[in-house]
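Participant: Have a look at this one before I ask anything.
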Protein chains: 2
Amino acid sequence: MIDIIHRVGIKAPIAKVYAALSTIEGVAGWWTKETTGVSKPGGNIEFSFSTPSGERIGGFTMQVMALDRNKEVHWRCTSGPEEWIGTDVMFKLSQDGDYTIVHFGHRNWREAGEFTEHCSTKWATFMLSLKDLVETGQGKPAPNDVKVSNWH
Amino acid sequence: MIDIIHRVGIKAPIAKVYAALSTIEGVAGWWTKETTGVSKPGGNIEFSFSTPSGERIGGFTMQVMALDRNKEVHWRCTSGPEEWIGTDVMFKLSQDGDYTIVHFGHRNWREAGEFTEHCSTKWATFMLSLKDLVETGQGKPAPNDVKVSNWH
């Protein structure tokens with residue numbers, strides 16, 4: 001199995017980072033503005049992506065596998081691109097001095113293809129969007145996300 | 001073995017992207033300003049990193065394993081942090097319409113630790129720095145690189 005992993009350090013209390021990962025409003029502030037659903041264990045969250053002009057590009061449904069306050073958020077993809085279905089998205093939090101560390105993993109890809117490469121780069125930009133959101137109040141969620149290629 | 005992978009698309013001719021990867025001056029424009037050595041097969045390139053105030057943080061030596069014009073650049077780490085020694089850094093190029101696609105791999109890590117997570121995120125920022133350099137003439141090489149955490 002192939003894992004995409006990242007690490008960012010956010011100069012903020014762990015509870016503030018956890019809120020940005022464990023609530024619909026929080027995630028809408030750094031990943032995609034079009035985030036809806038129920039962020040509770042067993043609940044489903046829908047993430048949609050559109051162009052700035054409103055044309056739908058795609059989306060994912062994630063089932064919430066675990067919410068462990070100030071420690072971990074764990075989702076499993078149940079619908080979306082075929083490569084994503086059954087994969088796990090996990091955010092583990094730790095403290096290092098003034099920083100909350102986010103250990104990110106998008107785990108259990110079946111192969112490392114070109115789409116995996118793309119998602120790895122995009123996840124880095126979204127983790128930096130999370131950092132910006134928590135530190136400054138303003139992230140870069142889709143459709144205002146950082147474009148890394150012809151694939152957005 | 002663990003691989004860090006990324007994909008960026010750069011709106012520029014493939015030869016321009018290859019030059020930014022295969023010459024000392026090119027790499028100094030997106031990874032670290034302190035890049036010296038010989039970019040020829042079998043040659044060694046030294047990459048050093050300092051703080052903006054000039055304090056040395058660390059560095060790497062890479063042996064050039066392959067330079068395949070407009071197709072691939074391949075380095076192997078021969079000195080630096082223990083986790084990096086023996087790992088391979090590879091840039092493979094392809095064309096997709098107006099875009100040159102960079103398929104990046106930092107391959108053959110022995111384990112996926114916290115330092116691997118950090119390097120994955122940093123490599124994404126450096127691939128976007130490469131994109132900026134080629135598209136706009138201005139990258140963000142160290143010491144002006146994007147800071148992702150308390151580890152820089």
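Participant: Within region B:54-68, can one find any residue that is farther than 29 Å from A:V146 by Cα, among the hydroxyl-bearing types (S, T, Y) and away from chain A (no Cβ under 14 Å)?
Facilitator: yes
Participant: Now for a different question. Could you list, in sequence order, the residues of region A:57-70 that are basic (K, R) and farther than 16 Å from A:V27 by Cα?
Facilitator: Taking region A:57-70 as the starting set, the residues that turn out to be basic (K, R) are A:69.
Those that are basic (K, R) and farther than 16 Å from A:V27 by Cα: none in region A:57-70.
Participant: While we're on this one: Tell me whether region A:54-69 contains one or more residues that are out of contact with any His (no Cβ under 8 Å at 6 or more places or on another chain), over 20 Å from A:T87 (Cα atoms), surrounded by fewer than 21 Cβ atoms within 10 Å (Cβ to Cβ) and of a type in the set (S, T, N, Q).
Facilitator: Within region A:54-69, none of the residues are out of contact with any His (no Cβ under 8 Å at 6 or more places or on another chain), over 20 Å from A:T87 (Cα atoms), surrounded by fewer than 21 Cβ atoms within 10 Å (Cβ to Cβ) and of a type in the set (S, T, N, Q).
Participant: Any idea how many residues of region B:1-49 are away from every other protein chain (no Cβ under 14 Å), out of contact with any helix residue (DSSP H, G or I) (no Cβ under 8 Å at 6 or more places or on another chain), in contact (Cβ under 8 Å) with a residue 60 or more places away in the chain and not β-branched (V, I, T)?
Facilitator: Of the residues in that region, 5 qualify.
Participant: Here's another thing I want to ask about it. For region B:85-94, check the following and say yes or no: at least one residue is modelled with pLDDT of 95 or more, surrounded by fewer than 19 Cβ atoms within 10 Å (Cβ to Cβ) and touching a Cys at 6+ places or on another chain (Cβ under 6 Å).
Facilitator: Scanning region B:85-94 turns up at least one residue that is modelled with pLDDT of 95 or more, surrounded by fewer than 19 Cβ atoms within 10 Å (Cβ to Cβ) and touching a Cys at 6+ places or on another chain (Cβ under 6 Å).
Participant: In region B:12-38, what count of residues is obtained for those that are under 20 Å from B:K122 (Cα atoms) and assigned to a loop (DSSP other than H, G, I, E, B)?
Facilitator: So the answer is 4.
Participant: Could you look through region B:98-111, keep only residues that are of a type outside the set (K, R), over 12 Å from the mean Cα position of the chain (by Cα) and modelled with pLDDT of 95 or more, and pick out the one that is surrounded by the most Cβ atoms within 10 Å (Cβ to Cβ)? Before you say what the answer is, go through the steps one by one.
Facilitator: Here is the first cut: in region B:98-111, the ones of a type outside the set (K, R) are B:98-106, B:108-109, B:111.
Adding the requirement that they be over 12 Å from the mean Cα position of the chain (by Cα) leaves B:98-101, B:108-109, B:111.
Okay, now just the ones that are also modelled with pLDDT of 95 or more, so B:98-101, B:108-109.
Details: B:D98: 11, B:Y99: 19, B:T100: 25, B:I101: 22, B:N108: 14, B:W109: 20.
Out of the qualifying residues, it is B:T100.
Participant: So, one more: Outside any strand (DSSP E or B) and modelled with pLDDT of 95 or more: is that true of A:G54 in this structure?
Facilitator: Values: outside any strand (DSSP E or B): yes; modelled with pLDDT of 95 or more: no.
Against the criterion (outside any strand (DSSP E or B) and modelled with pLDDT of 95 or more), A:G54 does not qualify.
Participant: Which residue out of A:T116, A:T125, A:T136 is surrounded by fewer than 16 Cβ atoms within 10 Å (Cβ to Cβ), polar (S, T, N, Q), out of contact with any Ser or Thr (no Cβ under 8 Å at 6 or more places or on another chain) and modelled with pLDDT of 95 or more? Outline the logic, then answer.
Facilitator: Details: A:T116 fails: surrounded by fewer than 16 Cβ atoms within 10 Å (Cβ to Cβ); A:T125 fails: surrounded by fewer than 16 Cβ atoms within 10 Å (Cβ to Cβ).
Checking each option against the conditions leaves just A:T136.
Each row is one residue, and each column tells you yes or no for (1) facing chain A (nearest Cβ under 10 Å); (2) of a type outside the set (S, T, Y).
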{"position": "B:W84", "(1), (2)": "no, yes"}
{"position": "B:V89", "(1), (2)": "no, yes"}
{"position": "B:D96", "(1), (2)": "yes, yes"}
{"position": "B:G105", "(1), (2)": "yes, yes"}
{"position": "B:K122", "(1), (2)": "yes, yes"}
{"position": "B:S129", "(1), (2)": "no, no"}
{"position": "B:Q138", "(1), (2)": "no, yes"}
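Participant: In this structure, does B:R76 turn out to be closer than 27 Å to B:G9 by Cβ, of a type in the set (D, E, K, R) and out of contact with any strand residue (DSSP E or B) (no Cβ under 9 Å at 6 or more places or on another chain)?
Facilitator: Numbers: closer than 27 Å to B:G9 by Cβ: yes; of a type in the set (D, E, K, R): yes; out of contact with any strand residue (DSSP E or B) (no Cβ under 9 Å at 6 or more places or on another chain): no.
Against the criterion (closer than 27 Å to B:G9 by Cβ, of a type in the set (D, E, K, R) and out of contact with any strand residue (DSSP E or B) (no Cβ under 9 Å at 6 or more places or on another chain)), B:R76 does not qualify.
Participant: Exactly one of these conditions fails for B:V148: (1) in a loop (DSSP other than H, G, I, E, B); (2) surrounded by fewer than 17 Cβ atoms within 10 Å (Cβ to Cβ); (3) within 11 Å of chain A (Cβ to nearest Cβ). Give me its number.
Facilitator: It fails just one condition, (2).
Participant: Oh, and also: Name the residue, out of B:R56, B:R107, that is among the charged types (D, E, K, R), touching a residue at least 12 places away in the same chain (Cβ under 8 Å) and at negative phi. Lay out the reasoning, then the answer.
Facilitator: Working: B:R56 fails: touching a residue at least 12 places away in the same chain (Cβ under 8 Å).
When all the criteria are applied, what remains is B:R107.
The values are calculated or read from the model by the stated rules, or taken from the named source; none is laboratory data. For clarity, every value in this text was computed on a predicted model and none was experimentally measured. Note that we place each Cβ from the backbone using ideal geometry, even for glycine, and neighbour counts take in every protein chain shown.
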